[in-house]
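Note sheet for the following structure.
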Amino acid sequence: MEIKKYQFQIHGDDRGQLIALEEMKDIPFEIKRVYYMYDTLKGVRRGFHAHKSLEQILICIHGTCKILLDNGSEKVEVLLDKPYEGLYISNDIWREMFDFSPDAVLMVLASEYYDEADYIRNYDEFLKYIGKKR
Ligand code: T46
């Protein structure tokens, strides 16, 4: 599976670091929604779904966490530990987020507004949807 990570430009100076993200430039889609998770409890694993059409970029802007990506044939774990790095997740990919450090802030830039109908929350349905059998 191809893992697409974006390295964002850091506008650093003697005051510290700054990152600016613009849609269709740094981010390969129009950003319709931003959400973030923090204070994730130890041992929590979340996600467990795929999206029919949503594209997203995940950035762990503080702390660290891991992402499992599963295309139905292959599973890959990706570590997010840099505030200047974004992980692209296309539609049709099962994702799980885990191993959050206590200080982790995982920010997500999304190509669409929130729509529960876009979620596939059952793994067997996911495999069926993408034309794979378990
Ligand atoms: C994804 C991964 C990476 C909203 O009301 N609006 C929103 O935009 C979002 C994302 C969630 N919610 C509500 C729906 C649930 O009642 O917040 C609650 C938690 O959402 P969920 O259980 O879907 O969270 P995760 O961490 O399992 O998944 C989230 C995104 O939902 C999902 O699109 O790809 O992060």
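Below, the figures for the structure above:
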| quantity | calculated |
| --- | --- |
| Selected residue [open to solvent by less than 70 Å² (accessible area, probe 1.4 Å), more than 19 Å from LEU106 (Cβ to Cβ), away from the ligand (no atom under 14 Å from the Cβ) and small (Gly, Ala, Ser)] from GLY16, GLY63 | GLY16 |
| Filter pass, ASN122 being without any contact (Cβ under 8 Å) to a residue 40 or more places away in the chain, within 15 Å of the ligand (Cβ to nearest atom) and out of contact with any His (no Cβ under 6 Å at 6 or more places or on another chain) | yes |
| Test for MET37: is it away from the ligand (no atom under 16 Å from the Cβ), under 30 Å from LYS132 (Cβ atoms), in contact (Cβ under 8 Å) with a residue 24 or more places away in the chain and not hydroxyl-bearing (Ser, Thr, Tyr) | no |
| Output for the range 44-59, where each listed residue is open to solvent by less than 10 Å² (accessible area, probe 1.4 Å) and more than 9 Å from the chain's Cα centre (by Cα) | ALA50, HIS51, LEU54 |
| Condition check for GLY72: of a type in the set (Gly, Ala, Ser) and open to solvent by less than 10 Å² (accessible area, probe 1.4 Å) | no |
| Whichever residue in the range 91-108 is part of a strand (DSSP E or B) and within 11 Å of the ligand (Cβ to nearest atom) and, among such residues, is nearest to ILE31 (Cα to Cα) | VAL108 |
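The values are calculated or read from the model by the stated rules, or taken from the named source; none is laboratory data. What you are looking at is a predicted structure, and each value in this text was computed from that prediction instead of being measured. Every residue, glycine as well, gets a Cβ built from its backbone with ideal geometry; the counts of neighbours run over all protein chains shown. Side chains included, ligands, DNA and RNA excluded: accessible areas come from the protein's heavy atoms. Shrake-Rupley method; radii C 1.70, N 1.55, O 1.52, S 1.80 Å.
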